[in-house]
Amino acid sequence: MKNSQAAVKTAKQKQTAIVVCPGRASYQRTDLGYLQRFHEHQHGLVHEFDKNRLQHHLKAISALDQAERFQRPLHNSGENGAALIYACSYADFLAIQQDQFDIVAVLGNSMGWYTALAVAGALSPVAGLSLVTTMGRLMDQQGSGQQLIYSWVDDQWHYQPEVRSKVMATMREIMQTYEQAELYISIELGGYLILAGNELGIRLLAQQLPPQPGGYPQIIAGHAAFHTPLMQTISSIAYQRLQALPLKPPATPLIDGRGHQWLPWATRVDELMQYTLQTQVTTPYDFSRSLEVAVKEYAPDRIILLGPGNTLGGPVAQVLIQHQWYGWQNKQQFTQHQAQQRSLVSMGLADQRLTVTGMQPHVIEHL
């Protein structure tokens, strides 16, 4: 009886949390050695990932992570970069203190959707690695077009609808003037618009949008026109190659790039497959909407951003400010709250990850 009461007491003390998985380009030069530094204890997981990669004649995850120097063509290629990010993110998820946090929902940004499938239990860890590697290779081989990023918030992270309207008008004008130009919204990322199109369209858009502080508009190097009709060929090939992908209903609620919830007791696997390999590949990914749904539906005590990197820190905070989470009205209030109470935790930052893992990073002499 005492043990039973203790278990109930422990369960009541848990904080609820939603987990957010990052997308492409989140593993950068400063993240080199991430697995070795933060996950020295995860030998079994990394070994299984390496074994799978070597079986397919691909460079081992551990070799990429422990390279002497960061090489952009090597570390950011589709088949390497996606797998490396996935491995770091999944290992981060395993490091969260499950006795302290009740994970109530999972979501991701763009490539992070594939990681979210594994984190939520809809795919095994190795099957998730196979999925991100296959999609990454297809992007290397068949990807076309480019992406461009542009901000539509001010320096206090207030949304500026007039800036967004100007961007949309400019896109329409370009496509009306240049018949061969193609432009689309790719990702709704908080206060950033990720726009995509063919090379002509993106080049013209970069020339015509007013310059902003921070170097915007900025063409994102090495990124194809993800989440647009230009990815239809990749979607078709992926659907053929991945028919045997062992998807199953998630064990934890999963929120996709439309804000739709895939629930453990109400998920049809064929529909989840279609969304993963077709819908989200060729249509816009609304990360802002997915986060809004997660916060409003589950009212978490913490939002945990998996590493590597902290690319989602700003966009997530901007969405939370828009919906006045904790009453936040601007960037300054968010910063003040974070200094006192870490409600948004980025595991890509050593000091913050300690609040959800309880583990100090391993010191690596040669990095």
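Quick notes on this one:
- The single condition among (1) in a helix (DSSP H, G or I); (2) surrounded by 16 or more Cβ atoms within 10 Å (Cβ to Cβ) that MET168 does not meet is (2).
- Listed by first and then second residue, the pairs with beta-carbon distance under 8 Å, at least 6 apart or on different chains, first residue in the stretch 111-132 and surrounded by fewer than 24 Cβ atoms within 10 Å (Cβ to Cβ), second outside any helix (DSSP H, G or I) and among the hydroxyl-bearing types (Ser, Thr, Tyr), are GLY121/THR252.
- The one condition in (1) buried (at least 22 other Cβ atoms within 10 Å of the Cβ); (2) modelled with pLDDT under 95; (3) among the hydrophobic types (A, V, I, L, M, F, W, C) that VAL316 fails to fulfil: (2)
- Checked against (1) open to solvent by 70 Å² or more (accessible area, probe 1.4 Å); (2) closer than 26 Å to LEU84 by Cβ, ALA339 passes all but condition (2).
- Members of the stretch 35-52 that are touching an Asp or Glu at 6+ places or on another chain (Cβ under 9 Å) and closer than 16 Å to THR133 by Cα: VAL46
- Cβ-Cβ contacts under 8 Å between residues 6 or more apart (or on different chains), taken from a first residue in the stretch 155-176 that is free of Cβ contacts under 8 Å to residues at least 40 places away in the same chain and hydroxyl-bearing (Ser, Thr, Tyr) to a second residue that is surrounded by 12 or more Cβ atoms within 10 Å (Cβ to Cβ) and outside any helix (DSSP H, G or I), are listed as THR170/LEU209.
Matching residues to (1) open to solvent by 30 Å² or more (accessible area, probe 1.4 Å); (2) of a type outside the set (Gly, Ala, Ser); (3) closer than 30 Å to LYS296 by Cα; (4) modelled with pLDDT under 90:
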residue	(1), (2), (3), (4)
LYS9	yes, yes, yes, yes
LYS14	yes, yes, yes, no
VAL19	no, yes, yes, no
GLY23	no, no, yes, no
ARG29	yes, yes, no, no
PHE38	no, yes, no, no
LYS51	yes, yes, no, no
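- Any chance MET139 is modelled with pLDDT of 95 or more and assigned to a helix (DSSP H, G or I): no
- Single condition THR282 does not satisfy, out of (1) under 19 Å from the mean Cα position of the chain (by Cα); (2) in contact (Cβ under 8 Å) with a residue 60 or more places away in the chain; (3) open to solvent by less than 40 Å² (accessible area, probe 1.4 Å): (2)
The values are calculated or read from the model by the stated rules, or taken from the named source; none is laboratory data. None of the values given here were measured: they were computed from a predicted structure. Note that each Cβ is placed from the backbone with ideal geometry, even for glycine, and that neighbours are counted across all protein chains shown. Remember, those area values only see protein heavy atoms, side chains included, never the ligands or the DNA or RNA. Shrake-Rupley method; radii C 1.70, N 1.55, O 1.52, S 1.80 Å.
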